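For reference, the structure is listed below as structure tokens.
The values are calculated or read from the model by the stated rules, or taken from the named source; none is laboratory data. In this text, all values refer to a predicted model and were calculated from it rather than measured experimentally. Cβ placement follows ideal geometry from the backbone for every residue including glycine, while neighbour counts extend to all protein chains displayed.
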Amino acid sequence: MSKRKHNSIEARWAALGVLLNCAPARSTPDIERLLIETACELPGNPRLFSLVATWLAIYGHCVARHRLARLITDECPRDDRPALGLLLEESVRLGGPRDLRIAIERCEPASVPGPLFDVQRGHRSLASIAEVSASDASRKWGVWAPEAERREEAIRPVAWLLKRVPACRERLVRKGDLRCSIVEALRLDFAGVASSVAALTRACGATRAGLERALDALVREGAVIVRDVPGSKRDREVVLGVGAGR
């Protein structure tokens with residue numbers, strides 16, 4: 001199996017417990033960036049729509065929502081944001097955490113409405129069918145599609161997920177809150193060490209006051225260490241604690 005195939009969108013979702021006909025990726029996916037990549041691939045891969053929406057409905061607290069919101073602004077192409085907004089909104093409708101709306105708010109509708117899926121684009125009759133069968137939410141986002149279906153039978157149970165992806169345990173415990181975004185930003189964006197609280201604040205898309213409160217909680221939990229920067233009186237270094245999400 002090629003490296004590209006083994007690291008495909010499907011392989012990475014399989015590693016998170018979505019039952020797809022492929023081998024799971026060997027490494028733990030970056031969930032927030034995977035969601036952004038999924039929005040890009042969704043038009044050409046319609047089956048991901050209901051499967052990923054269901055995974056989010058069940059495991060939405062695994063998403064570091066403040067980090068996702070910041071990544072949408074910084075890394076998600078505008079053309080992909082309508083699909084991502086619809087995907088996240090459908091997951092909330094299916095029972096996912098309403099707190100995902102902090103990320104939904106960073107998305108915007110398509111400037112020119114049309115079918116979500118490539119197979120219906122460029123064909124007048126198929127596009128008309130897509131428009132007629134489109135859900136209210138998809139009309140709002142300008143990417144016509146039917147409602148996502150809740151496919152619980154295609155999602156592995158929580159015991160499997162926690163065994164296969166131990167980092168999801170802390171994500172679930174923290175319910176994807178700002179503490180979760182801090183830990184995941186340190187782990188995934190800073191290789192464990194943020195040179196300043198200011199840099200970490202930007203990476204989490206948070207206010208300084210909000211981040212300081214979340215940092216205090218993480219320090220008490222032993223998840224991070226905040227220490228003075230040699231030669232600087234203005235800022236502090238933030239270090240991921242031993243075993244915290246590593």
* **Boolean, residue 184 is touching a strand residue (DSSP E or B) at 6+ places or on another chain (Cβ under 7 Å) and of a type in the set (D, E, K, R)** => no
* Residues being outside any loop (DSSP other than H, G, I, E, B), of a type in the set (Asp, Glu) and modelled with pLDDT of 95 or more - total across segment 125-153 -> 3
* Asked: In segment 205-215, is there at least one residue being closer than 17 Å to residue 169 by Cα and either modelled with pLDDT of 80 or more or of a type in the set (A, V, I, L, M) (or both)?
  -> no
* Count of segment 116-136 residues which are surrounded by fewer than 12 Cβ atoms within 10 Å (Cβ to Cβ) and not hydrophobic (A, V, I, L, M, F, W, C) -> 4
* With segment 155-246 as the region, which helices (runs of 4 or more DSSP H) entirely inside it contain at least 2 residues that are under 19 Å from residue 68 (Cα atoms)? -> 167-173, 178-189, 197-204, 208-221
* Quick one: residue 150 ticks every box in (1) of a type outside the set (A, V, I, L, M, F, W, C); (2) surrounded by fewer than 16 Cβ atoms within 10 Å (Cβ to Cβ); (3) in the same structural domain as residue 47 (by TED's automatic domain parsing) bar one, so which box is it? -> (2)
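Quick check on segment 59-79. Is at least one of its residues more than 26 Å from residue 179 (Cβ to Cβ), surrounded by 22 or more Cβ atoms within 10 Å (Cβ to Cβ) and not assigned by TED's automatic domain parsing to the domain that holds residue 187? Spell out the reasoning first.
Within segment 59-79, the first condition is being more than 26 Å from residue 179 (Cβ to Cβ), and the residues that meet it are 77-79.
Retained after the next criterion (residues that are surrounded by 22 or more Cβ atoms within 10 Å (Cβ to Cβ)): none.
Scanning segment 59-79, I find no residue that is more than 26 Å from residue 179 (Cβ to Cβ), surrounded by 22 or more Cβ atoms within 10 Å (Cβ to Cβ) and not assigned by TED's automatic domain parsing to the domain that holds residue 187, so the answer is no.
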